[in-house]
Amino acid sequence: MKIKKTPLKDCYIIEPTIFEDERGYFFEKYNEKKFEELTGMNGHFVQDNISKSSYGVLRGLHLQKGEHAQAKLVSCLEGKVWDVAVDLREDSPTFGKWFGIELTEENKLQLYVPRGFGHGFSVISDHAVFAYKCDNFYNKESEGSVKYNDEDLKIDWKLKEEEMILSEKDENSPTFKDKNY
C-alpha cells in the first residue's frame, strides 16, 4: 500500500500493491495499522456503504456535521467515477479548495476524505458501483451539503450540465458562501 498526499490537508490517495498472474489478481484493500503508520491518522472504520448509479448521476457534495462527522475511505468497485473532496474546515490552510480524482475498477485507487470535508462523485461510465468506508455512524439529523455547481468552488464534474442526474436535495443544497452546510 502506498499513500500519496493530495493538495488538500489530511486528504490522501491510497494505492494498493497488486499481485497479478494468469489466475487474476490479489490486493490488500485496507490495512488499519499501515494506514495509521503512513498518515498518522486514525483509520478505524465502523460502517460500509455501497451505491450503484448510472452514467450522469452526480451525488454530492455531502457531509455529516458535529459529533456525527465522518471520515470516508472511498473507492469504485465497478465502472468509473470522478470523485471530489472539498475542505470545509474553516481553520484549515486548504479551506474552500477541492481535489478531484478518477477512481475506477481498473486503477483500484481509494481516496481518504477526512472529517470536515464535503464529498461527492459523478459517474462517467455506463454505471458504477461505489464503496464508502465510514469512521462514524450515519445520522440523518447531521446531514449537510453544499451546492454541486457552487460558483465559488467551480468544480469540474467531468459531465455536461444537461447530462447530470441529481436528487432534489442536491439541486437545492446551500452555497459555499452560505456556510449553512
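Quick note: the coordinates plus some simple rules give every number you see, no bench work behind them. Predicted model, so just to flag it, every value in this text is computed and none were measured. Please note: Cβ atoms are built from the backbone with ideal geometry, for glycine as well, and neighbour counts cover all protein chains shown.
Looking only at segment 100-115, filter to residues that are among the hydrophobic types (A, V, I, L, M, F, W, C) and in contact (Cβ under 8 Å) with a residue 60 or more places away in the chain; which one of those is farthest from Glu32 (Cα to Cα)?
Among residues in segment 100-115 that are among the hydrophobic types (A, V, I, L, M, F, W, C) and in contact (Cβ under 8 Å) with a residue 60 or more places away in the chain, the one farthest from Glu32 (Cα to Cα) is Ile101.
Does segment 149-181 hold any residues that are in a loop (DSSP other than H, G, I, E, B), touching a Ser or Thr at 6+ places or on another chain (Cβ under 8 Å) and either among the aromatic types (Phe, Trp, Tyr) or farther than 13 Å from Gly96 by Cα (or both), and which are they?
Listed by number, the residues that qualify are Trp157, Lys158, Leu159, Met164, Ser173, Pro174, Tyr181.
Which strands (runs of 3 or more DSSP E) sit wholly inside segment 1-57 and have at least 3 residues that are among the polar types (S, T, N, Q) and in contact (Cβ under 8 Å) with a residue 12 or more places away in the chain?
47-54
Tell me yes or no: at least one residue of segment 40-58 is under 27 Å from Glu171 (Cβ atoms), among the hydroxyl-bearing types (Ser, Thr, Tyr) and crowded, with 21+ Cβ neighbours inside 10 Å.
Within segment 40-58, the first condition is being under 27 Å from Glu171 (Cβ atoms), and the residues that meet it are 47, 49-58.
Going one step further and asking which of them are among the hydroxyl-bearing types (Ser, Thr, Tyr), we end up with 51, 53-55.
From what's left, crowded, with 21+ Cβ neighbours inside 10 Å: none.
No.
Can you name the residue in segment 1-36 that is over 24 Å from Pro93 (Cβ atoms) and among the acidic types (Asp, Glu) and, of all such residues, is surrounded by the most Cβ atoms within 10 Å (Cβ to Cβ)?
Only one residue fits best here, namely Glu15.
In segment 105-159, which residues are under 11 Å from the mean Cα position of the chain (by Cα) and polar (S, T, N, Q)?
Those that are under 11 Å from the mean Cα position of the chain (by Cα) and polar (S, T, N, Q): Gln110, Ser122.
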